[in-house]
1. Take segment 37-51 and flag every residue that is of a type outside the set (Phe, Trp, Tyr), in contact with a strand residue (DSSP E or B) (Cβ under 9 Å, 6 or more places away or on another chain) and under 16 Å from Leu63 (Cα atoms).
2. For the list (1) surrounded by 11 or more Cβ atoms within 10 Å (Cβ to Cβ); (2) over 10 Å from the mean Cα position of the chain (by Cα); (3) among the acidic types (Asp, Glu), I need the number of the one condition that Asp91 fails.
3. Can you confirm whether Leu2 is among the aliphatic types (A, V, I, L, M) and under 15 Å from Val72 (Cβ atoms)?
Amino acid sequence: ALDKVGLSERGNHLPSQLSGGEQQRVALARAIVIGPSLLFADEPTGNLDHGTRDQVCDLLFSLCNEIGCTLVLVTHDSDLASRCDRIFRLDGGRLVS
């Protein structure tokens, strides 16, 4: 799984020795290692710079496609949301669209 996210050489590093983007990719590796049919991602790119955000997003969608899982994504990022097949909008805890 670490190889799939491009981190096979960082397998013996502690979380504090990884960048934010690397930590997010490790989280993806941990999530896909069991081959889930459903994957929840809550603000997966919230703390990443723009370039790293795009890399993690591409990886998230490609891994879900590869293993055939449904991705449920929670985000405030409209660009990221636009990549999804269906979008539900909440306002004040209520479904508005």
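1. Step one: of segment 37-51, the residues of a type outside the set (Phe, Trp, Tyr) are 37-39, 41-51.
This time we only want the ones that are in contact with a strand residue (DSSP E or B) (Cβ under 9 Å, 6 or more places away or on another chain), so: 37-39, 41-44.
The answer is Ser37, Leu38, Leu39, Ala41, Pro44.
2. Failing condition for Asp91: (1).
3. Working: among the aliphatic types (A, V, I, L, M): yes; under 15 Å from Val72 (Cβ atoms): no.
No.
Every number in this text was worked out from the coordinates using simple rules, so none of it is lab data. Just so it is clear, the model here is predicted, and its values are computed rather than measured. So basically every Cβ, Gly included, is an ideal-geometry build from the backbone, and we count neighbours across all protein chains shown.
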